[in-house]
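Heads up: the structure comes next, in structure tokens.
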Amino acid sequence: MIDFAADIFRAVITGVIFFYLRSVRGKESPHLRRGWIFFIIGFGLLFLGGLLNIADNFPTLNKYFTIGRHQYGDFLEQVVGYLFGLLFVGVGFWQWIPAILALRAEEVALRKSQEDLKLQVAELTAERNKLKTIIECELGYAAQEAADRLAEGPR
């Protein structure tokens, strides 16, 4: 009974993962798309193996599902379902991990360039403020000279 419950639990978990991966397909980053299809195929095959494992527990399904507890059913369950499923998930990770590492390196480079840009903006803002005070000072002197000329009158 515990084996049957474990088989159902395993099939439900892999089925949920499989259908979730299918539902979010296309929303992943373009860098991660290459390994994504392998995850979908792998979890689909694991789900198939789990369903075949559950079907083995019901002898009444043998008239509808002729594979049942025969060599073909065991081959489909163990080799196609579980072995190839894990193989596809492994290939997905094998292609996905370098893409994740590359994205992480790009993120670090972007953060560094963002900090450099913030420093440059701060330096340019300080320089602009200095130039602004110089210009305001020069404009104040020019306005004072113009007011002095007007006060002296025409020559």
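Observations, loosely collected:
- Within straight-line cross-link reach of K118, aspartates and glutamates at Cα separation under 20 Å, skipping those fewer than 8 residues along the same chain: E106, E107, E127
- By average C-beta atoms within 10 angstrom, highest first, the peptides 134-147, 90-103: 90-103, 134-147
- Charge dipole of the chain (Cα centre as origin; +1 on each Lys and Arg Cβ, -1 on each Asp and Glu Cβ, all else neutral): 480 debye, rounded to the nearest 20.
- Theoretical gain in end-to-end length, L150 to I135 [0.36 nm per residue, Cα-Cα removed]: 3.2 nm
- Estimated purely from DSSP H runs of n ≥ 4, each contributing -39500 (n - 2.57), the mean residue ellipticity at 222 nm for the chain is -27500 deg cm²/dmol once divided by its residues.
- Calculated FRET value between R128 and E106, using beta carbons and R₀ = 30 Å, to 0.05: 0.45
- Anisotropy class of region 100-141 from Cα gyration tensor, a/c 1.5 cut: prolate
- Amide H to amide H distances under 5 Å link D56 with no residue, where only residues 5 or more positions off or on other chains count and H is placed in the peptide plane.
- Computed Kirkwood radius, in angstrom, where 1/r is averaged over Cα pairs of the chain: 21.6 Å
- Ranking Q144, A55, W96 by how far each Cα lies toward the positive end of the dipole of the chain (charges on Cβ) leaves A55 at the top.
- With R₀ set to 30 Å, the beta-carbon distance separating Q114 from S23 gives a calculated FRET efficiency near 0.35.
Read-outs throughout are calculated quantities, based only on the coordinates presented, and are distinct from any laboratory measurement. Being a predicted model, the structure only gives us computed values, none of them experimental. In this analysis, Cβ positions are derived from the backbone assuming ideal geometry, glycine residues included, and neighbour counts consider all displayed protein chains.
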